[in-house]
1. Could you let me know the centre-to-centre spacing of region 220-281 and region 1-77, using Cα atoms, in angstrom?
2. What whole number of Å gives the distance from the Cα centroid of region 138-171 to the Cα centroid of region 180-218?
3. Would you mind estimating how fast region 1-73 diffuses translationally, via Stokes-Einstein at 10 °C and 1.306 mPa s with the Kirkwood radius over Cα pairs, in µm²/s?
4. State, to one decimal in nm, how far the label point of Leu109 lies from the label point of Gln242, with both points 7 Å from Cα in the Cβ direction.
5. Nothing charged except the Cβ atoms of Lys and Arg (+1) and of Asp and Glu (-1): what's the magnitude of the dipole of the chain about its Cα centre? Round to the nearest 20 debye.
6. Charges only on Cβ, +1 for Lys and Arg, -1 for Asp and Glu: so what's the dipole of region 165-281 about the Cα centre, in debye to the nearest 20?
7. Calculate the dipole size of region 1-93 relative to its Cα centre from +1 charges on Lys and Arg beta carbons and -1 charges on Asp and Glu beta carbons; express the result in debye to the nearest 20.
8. What shape does region 193-281 take by its C-alpha gyration tensor, where a ≥ b ≥ c are the square roots of the eigenvalues and a/c under 1.5 counts as rounded, a/b above b/c as prolate, and the rest as oblate?
Amino acid sequence: MAEAGIRDILVANQIVTPGKLDRAARLQTISETKFAIDSLVGLARAEAAAQRNSCQFEVLIEVDIGLGRCGVQTPEDAADLTRRILESPNLRFGGVQAYHGGTNYILDLVERERRVAHSDQVLAQMLAAVRAVCDVPRVSGAGTGNARHHLQDGLLTEIQAGSYVYSDTTYRQFEPDYRPALFVLATVLSRPVEGRLVLDAGRKSIGTEFGNPELADYPQFSEHRFSEEHLQFQVDGTFPLQVGDKVKVIPSHCCTTSNLHRRCYAIQDERVVEEWVIDAF
Ligand SMILES: Cc1ncc(COP(=O)(O)O)c(C=O)c1O
């Protein structure tokens, strides 16, 4: 991304190993690459890397607003970490990161709103403690399913949603306005017996931890088996494709599908208009 000219990048995660921190330091010459920290150990490691590379890192403190993953746990710790960043000549305070992935996937909108409001209450307490120390230039968070609810609450200044670009069969249920746009183009390998369709797109080419993929143009055929190299559907006599034909498959999770491929073809009006190289895998 930096090499492609993006000048403001937030790695929405912790960077803690010397090799990766050195890489982040090298990026500083072409792009302001920020990342999150949530511990004094992480801070010391970032500081050491910045010193070693004679640079300064802009860092955000990550606060846990209910996801139960990374992030400081209390407003006191959030304030303390902020103070320590301000004291460091090698670090700049870039703001707060707060992400709760779990509230993206709640079907009942009222319940989703209620749960996001609750996580925003936690965030408000964290922010109050940090603001008692200094201004907060950025409050970054939210995913595709909860962004609009967080925006209503008005605490975030930056949205981290990503899946909306491609969507998938999972997000389609929660945010139907974002229609699936990422397809794995599979080939019919075999139709060995009546009703069995075998494609060459198994778990090595489609992320499956959110459930089963779907045939884009034939959603009625859902019963299937899935293995390393193969995806099978139970079809009937109306299914028109034969061995060697291509068929589009919609993954259940776009994030863990796109990283399995090296190229993505952008299609408009049934024509390939661009070819994108996937560097992040
Ligand atoms: C920290 C963080 N921000 C943003 C996102 C993007 O969320 P979504 O894919 O729901 O848009 C993720 C996804 O895992 C995440 O971990």
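1. Measuring centre to centre over Cα atoms gives 35 Å.
2. Spelled out, the Cα-based centre of one part sits 29 Å from the other.
3. Values: Rh = 12.6 Å.
D, rounded to a whole number, is 126 µm²/s.
4. 4.8
5. 540
6. With Lys and Arg at +1 and Asp and Glu at -1, about 220 debye.
7. Here the size comes out at about 340 debye.
8. Numbers: a/c = 2.16, a/b = 1.42, b/c = 1.53.
Oblate is the answer for region 193-281, as a/c is 1.5 or above yet b/c matches or exceeds a/b.
Read-outs throughout are calculated quantities, based only on the coordinates presented, and are distinct from any laboratory measurement. Quick caveat: nothing in here was measured; it's all calculated off a predicted structure. So basically every Cβ, Gly included, is an ideal-geometry build from the backbone, and we count neighbours across all protein chains shown.
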